[in-house]
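Reading through the structure tokens given below for one structure.
The values are calculated or read from the model by the stated rules, or taken from the named source; none is laboratory data. Bear in mind that the values here come from a model prediction, so they are computed numbers and not experimental data. As a convention, Cβ positions derive from the backbone with ideal geometry for all residues, glycine included, and neighbour counts pool all protein chains shown. With ligands, DNA and RNA removed, areas are computed over all heavy atoms of the protein, side chains included. Shrake-Rupley method; radii C 1.70, N 1.55, O 1.52, S 1.80 Å.
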Amino acid sequence: MSRRHLGIFTAAVLAAASLTACGGGSSDDSAGSSKTLTYWASNQGASLEADKTILQPELDKFEKQTGIKVNVEVVPWSDLLNRLLAAAASGKGPDVVNIGNTWSASLQATGALVEFDDATLQAVGGKDRIVPAALAAAGAPGKPSAAVPLYSMAYSLYYNKKAFADAGITAPPTTWEQLAEYGKKLSTGGKWGLAIEGANPSENAHHAFTFSQQYGGEWFDSAGKPTFDTPQNVAAIKRYIDFVAADKITNPSNAEYAQNQSVSDFANGKAAMLLWQSAGSNLKTQNMPADAYGVAPVPFLASPPAGGKKVNSMVAGINMAVFKHTKNKDASLSFVKFMTSDEEQTILNRTYGSLPAVKTAGSDPAFSATEQKTIQETLVTTAAPLPQVPEESTFETLVGTAMKELFADAASGKPVTEASVKAKLTDAQQKMR
């Protein structure tokens, strides 16, 4: 990552650095004992507390097996990237972290992560046992991986079966045009057609990528330069924002959602559709029975423009990385090996509703349910990785924030036009230079 691009994060990183100092562990915290690690886990479940409850028995098991204690902090997605960048810049923070796989190349470019070359991969179980598509999203092409895949996911469309039946809808939408049409039928009586996480820049950027692919756009050219404000990208972003602005199938309050509230709205019957990664375990935690909802592939455009691609999800997933500043590298690698073992891959992915990142765990019957089959089919046939370039995390922040602002405009009743979308994307592109 160039000094210019890393500099875009300076203000956020400085703010996050104070959080790192007081809210998370550091290598100094564990320096007194090689038997203690600090682990930042990403928020995968219904709440930070739910994740802690899920993870703690596994951490206790690891301590019993190895004598190594792991202190875990579950970090919300809204904070995670800035805190990781702060730890990378300061050399202080946890030993082991979860990272969104789309951030792999960006964090790798900071030089702060342990490289998982062939020898290091062998130390944590071996390269050959990892699903190739998951490993491809663990670092920049042609370089050793910056992390090891932990959970594999893709976006799916979740829909409330009763709400659909009550509205006379017999099947999930396969096109965005159908989704908007159905959403209008479902937006009645204080309930809404589609729930969106409008204030979450990373979530926004994921959809920006998928819609752009369908409209024939790209966010970077072959030389790695940003191409944010092309007509294809403008059309793609407007289509997504229009679920609030024009179609009015999403509650305007969703413009403020950034902590998985959209999943809660779906679970509680306030919205009939949801676009999400592996939502099943989260919905179960919120007492929504599995037979109350269906899972289908994310829709496509009915009539894609020239150059439009058959892509309906990014290759989603969570990776595990180790900071170079750790004073406990061997213990950290032992923990990575434990978390990516067949037993733990089965336990954790079964709990979270995601797919194992190792080949040998995928045969468990727990991964044969409709949700997991839909995810697997998407990953194999219609998912594409976000650009593994150093500037990818900057793209997520800038474009995701531009979309957050557009959602806020739509929620306040301000018109969202192609011109206003282009202006936001042009501004984001200029900040990349």
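In the set (1) surrounded by fewer than 20 Cβ atoms within 10 Å (Cβ to Cβ); (2) of a type outside the set (D, E, K, R); (3) under 24 Å from the mean Cα position of the chain (by Cα), Ala428 fails one condition alone, (1). Of all residues in region 370-398, those satisfying the criterion of being of a type in the set (A, V, I, L, M) and either in contact with a strand residue (DSSP E or B) (Cβ under 9 Å, 6 or more places away or on another chain) or closer than 13 Å to Thr102 by Cα (or both) are Ile375, Leu379, Ala383, Ala384, Leu386, Val389, Leu398. No other residue among Ser202, Ser222, Ser187 is in contact with an Asp or Glu (Cβ under 9 Å, 6 or more places away or on another chain), farther than 18 Å from Ala316 by Cα, open to solvent by 10 Å² or more (accessible area, probe 1.4 Å) and of a type outside the set (A, V, I, L, M, F, W, C) apart from Ser187.
Does Phe367 satisfy being more than 30 Å from Gly93 (Cα to Cα), at pLDDT below 95, open to solvent by 10 Å² or more (accessible area, probe 1.4 Å) and among the aromatic types (Phe, Trp, Tyr)? Spelling it out, Phe367 is indeed more than 30 Å from Gly93 (Cα to Cα), at pLDDT below 95, open to solvent by 10 Å² or more (accessible area, probe 1.4 Å) and among the aromatic types (Phe, Trp, Tyr).
Of the helices (runs of 4 or more DSSP H) contained entirely in region 79-136, those carrying at least 1 residues that are closer than 21 Å to Ala384 by Cα and in contact (Cβ under 8 Å) with a residue 12 or more places away in the chain fall at 104-109, 132-136.
One residue alone among Ala316, Ala290, Ala296 is farther than 21 Å from Asn204 by Cα and either modelled with pLDDT under 95 or of a type outside the set (Phe, Trp, Tyr) (or both), and that residue is Ala290. Residues considered: Thr53, Thr110, Thr120, Thr66. Of these, the only one that is open to solvent by 10 Å² or more (accessible area, probe 1.4 Å), in contact with a Lys or Arg (Cβ under 9 Å, 6 or more places away or on another chain) and of a type in the set (Ser, Thr, Tyr) is Thr66. Of the residues making up region 248-277, those that are part of a loop (DSSP other than H, G, I, E, B) and touching a helix residue (DSSP H, G or I) at 6+ places or on another chain (Cβ under 6 Å) are Ile249, Thr250, Ala258. Please pick out the residue among Ala165, Ala223, Ala199, Ala195 that is touching a strand residue (DSSP E or B) at 6+ places or on another chain (Cβ under 9 Å) and either of a type outside the set (Asp, Glu) or at pLDDT 95 or above (or both). Answer to the check: Ala195.
This table checks each residue for (1) open to solvent by less than 10 Å² (accessible area, probe 1.4 Å); (2) closer than 19 Å to Gly126 by Cβ.
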{"site": "Ala272", "(1), (2)": "yes, no"}
{"site": "Thr285", "(1), (2)": "no, no"}
{"site": "Tyr293", "(1), (2)": "no, no"}
{"site": "Pro304", "(1), (2)": "no, no"}
{"site": "Lys309", "(1), (2)": "no, no"}
{"site": "Ser341", "(1), (2)": "no, yes"}
{"site": "Ile347", "(1), (2)": "no, no"}
{"site": "Ser363", "(1), (2)": "no, yes"}
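The residue of region 370-394 that is least open to solvent (accessible area, probe 1.4 Å), among those that are more than 14 Å from Ser152 (Cα to Cα) and over 18 Å from the mean Cα position of the chain (by Cα), is Thr381. I'd like to check something: does region 102-117 contain any residue that is over 18 Å from Gln44 (Cβ atoms) and among the aromatic types (Phe, Trp, Tyr)? Yes, because at least one residue in region 102-117 is over 18 Å from Gln44 (Cβ atoms) and among the aromatic types (Phe, Trp, Tyr). Scanning region 278-293 for residues that are part of a loop (DSSP other than H, G, I, E, B) and under 15 Å from the mean Cα position of the chain (by Cα) returns Ser278, Ala279. Being in contact (Cβ under 8 Å) with a residue 40 or more places away in the chain, within 25 Å of Thr381 (Cβ to Cβ) and of a type in the set (Ser, Thr, Tyr) is a description that does not apply to Thr250. Taking region 230-260 as the range and being open to solvent by 30 Å² or more (accessible area, probe 1.4 Å) and farther than 18 Å from Leu301 by Cα as the test, the residues that pass are Thr230, Lys248, Asn251, Pro252, Ser253, Glu256, Tyr257, Gln259.
If the condition is being open to solvent by 10 Å² or more (accessible area, probe 1.4 Å) and in a strand (DSSP E or B), then region 154-184 contributes Tyr159, Asn160, Thr175.
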